[in-house]
Amino acid sequence: MRIATRRAAGLDARGWTGQLRTEVTDFFDNLAHEWHTRATPQRFAVVTDALTRGLDPLPVSRAVAVEVGSGIGTYSALIAQRFQTALAVDLSMPMLVRAPAAPAHRLRADGARLPLRDASASAVVLINAFMFPAEVDRVLSRGGALVWVNISGECTPIYLRPDDLLARLPGTWKGVASGAGVGTWCVLRKV
Ligand SMILES: C[S@@+](CC[C@H](N)C(=O)[O-])C[C@H]1O[C@@H](n2cnc3c(N)ncnc32)[C@H](O)[C@@H]1O
């Protein structure tokens, strides 16, 4: 997962290929039936902290949030309650069919090629999910926010340090990195 994370982010020259997408999809398809066992109050607390301390104080439009790699939608309601429209995007159909149909709209898509217009999102939320820097930059409106959460901090399989995140994102970003329990998070605004 660490290598795939770095390939998705462009930190490994092999990049995100069709073969890797297939391998990743198969991997998560096979975990979908037991993904609900990973939801704990401690993990909710990490995401809640990122949203309440990191995102809520920011003057970010509350129009559209895109949660990429939403899994079974464990955290989608926390996002949806903050935005007029929330999209829960995942590559894995077995994950998506286990996610609630509301309040977030489920969408099967690859985070590397989102079916969204340029600058159409107020926020992109990645919770233990791959970051595709060019796509995050393309869909996010100016002033929009990227919310990045690693629920188990450095021990999260899909993990990037904040400086690696910043190094890969095109343009100028400003924000804050913090932690809650063993979790870490980072909220960056596109300047
Ligand atoms: C580690 S799980 C995290 C799920 C959820 N965010 C959570 O924390 O419970 C990563 C999720 O990202 C999805 N995923 C992997 N690659 C993706 C891609 N390229 N585009 C969209 N979703 C992807 C997987 O199917 C999986 O549901």
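Considering the Cα positions of the range 121-191, please state its Rg to one decimal place and its Dmax as a whole number of Å.
In order Rg, Dmax, the Cα atoms of the range 121-191 give 11.3, 32 Å.
Report the residue, chosen from Val97, Val124, Val136, that carries the largest GNM mean-square fluctuation when the chain is represented by alpha-carbon nodes joined by springs under 10 Å.
Of Val97, Val124, Val136, the most mobile in the Gaussian network model is Val97.
So what are the radius of gyration and Dmax for the Cα set of the range 1-76, in Å?
Just the Cα atoms of the range 1-76 yield Rg and Dmax of 15.6, 40 Å.
Using 0.36 nm per residue, how much length does the chain from Gln81 to Ser120 gain when fully extended, once their Cα-Cα distance is taken away?
Once the chain is fully extended between Gln81 and Ser120, it gains 12.2 nm.
Whenever you get a sec, compute what percent of the accessible area on the chain sits on carbon and sulfur atoms (1.4 Å probe). All intermediate terms of the calculation are to be shown ahead of the outcome.
Numbers: 4850 of 8870 Å².
Carbon with sulfur: 55 percent of the solvent-accessible area.
Just to be sure I understand: if I project the alpha-carbon convex hull of the chain onto a plane and average over all orientations, what area do I get in nm²?
Details: hull surface 37.4 nm².
Taking a quarter of the hull surface, the average projection is 9.3 nm².
Heavy-atom accessible area per residue, the range 63-191, 1.4 Å probe: how many Å²? Present the calculation step by step, with values, prior to reporting the outcome.
Details: 5310 Å² over 129 residues.
Solvent-accessible surface per residue comes out at 41 Å².
Express in Å², to the nearest 10, the accessible area of Ile3 obtained by rolling a 1.4 Å probe over the protein heavy atoms while all chains stay in place.
The accessible area of Ile3 comes to roughly 100 Å².
The values are calculated or read from the model by the stated rules, or taken from the named source; none is laboratory data. Every value quoted in this text rests on a predicted model; they were computed, and no experiment measured them. Keep in mind that these areas ignore ligands, DNA and RNA; they rest on the heavy atoms of the full protein, side chains included. Shrake-Rupley method; radii C 1.70, N 1.55, O 1.52, S 1.80 Å.
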